[in-house]
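This report concerns only the one structure given below.
What follows draws every value from the coordinates through simple rules; no lab data is involved. What you see is a predicted model, and the numbers here were worked out from it, not measured in a lab. FYI the Cβ positions are ideal-geometry reconstructions off the backbone, even for glycines, and counts take in every protein chain you see.
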Amino acid sequence: MIVLTGKEIADAERARIKQESAAFTASTGIKPCLAVVLVGDDAPSATYVASKGKACDEMGFSHVDHHLKTDCDLQTLLTLIDSLNHDRSIHGILVQFPLPAQLDETTVIQALDPDKDVDGIHPQNLGKLLLGQDGFVACTPAGVLRMLDFHGIPTSGRHVVIVGRSAIVGKPMAALLMQKNRDATVTVCHSKTQDLPSITRTADILIVAMGKPAYITRDMVKPGAVVIDIGINRVPDTSKKRGYHLVGDVDYETVAPLCSAITPVPGGVGVMTIAMLMSNTLRAAKILVPGLTNVEK
């Protein structure tokens, strides 16, 4: 059984990005810049934002963080996004989800400039993905593919079952795997799927992103399957100083012995997500800064 840790791959990706970022800045005098918008005081979201800022610093990027109050109204958020869209010093924009209930996420996503949508969630980028055209790809699915490639795990002709249909993970993951260069047969399951175990047991590759701690158990997995656990859940734990520990959507201890390969949580897909965000931000800067040659891009 292979444990598919993301650190080695993410470190290699970060080294590449750091080198290319330095060359870009030397050539243009400009640092790639990521703007992150956080609304409210959700603790996990604040942690993610901090980790993205740290990654920007490591890559030689600049970053701008906007923290709005929980009771922020939609127009205030849209006005901020519009200003970031038109700010030439900003190359990538990431709005941290989930948003407070009064803010319509679809409206917010559609307000983003597609050329600065480094999270790959704007309808234009998702449409390009479905059509097999070049655009920004959601960071987590892109990271999953990079992990599979690194470990030589093929997708062609294999049955991939994805549990979860979110616009940021499940749907783009399915679209990527259906492309001609991937050639997987894909089944997408969700909260209304009947007899889920009977479907997950058919998966050669099982990708889980449902937000339910340790939901996928041993009896739901085919022997020899590759299991990719995208879930990150906080479980209360009084033995820990921080008061919780992290688990995935897969019951790792019981499922791992059954698999040919599996990602741990933490230490699996999560580190790849931030690496791919940095990659998208650098790419956005190369697209938006005028005067670069095709070689430099």
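What to note about this one:
- Taking amide H as placed 1.01 Å from N in the peptide plane, Val39 has its amide H under 5 Å from the amide H of Leu68, Gln96, each at least 5 places away in sequence or on another chain.
- Expressed in units of 2.2 N^0.38 Å, where N is the residue count, the Cα radius of gyration of region 28-113 is 1.08.
- Annotation: extensible slack from Gln194 through Gln133 equals 18.6 nm (criterion: 0.36 nm per residue apart, minus Cα-Cα distance).
- Filtered GluC sites (Glu not before Pro), region 1-101: DSSP coil and at most 12 other beta carbons within 10 Å: none
- Paramagnetic label zone (point 7 Å from Cα along Cα-to-C-beta, Thr254; backbone N under 12 Å) in region 215-237: 215-221
- Across the cross-link table entries Lys128/Lys192; Lys7/Lys52; Lys128/Lys212; Lys69/Lys192, which are compared at the Cα atoms, the separations over 23 Å belong to Lys128/Lys192; Lys128/Lys212; Lys69/Lys192.
- Span-like helix ranges in the chain, DSSP H, alpha carbon extent 20 angstrom or more, Kyte mean at least -0.5: 43-59, 269-288
- Ordering of 138-148, 113-123 by burial proxy (mean other Cβ atoms within 10 Å per residue, highest first): 138-148, 113-123
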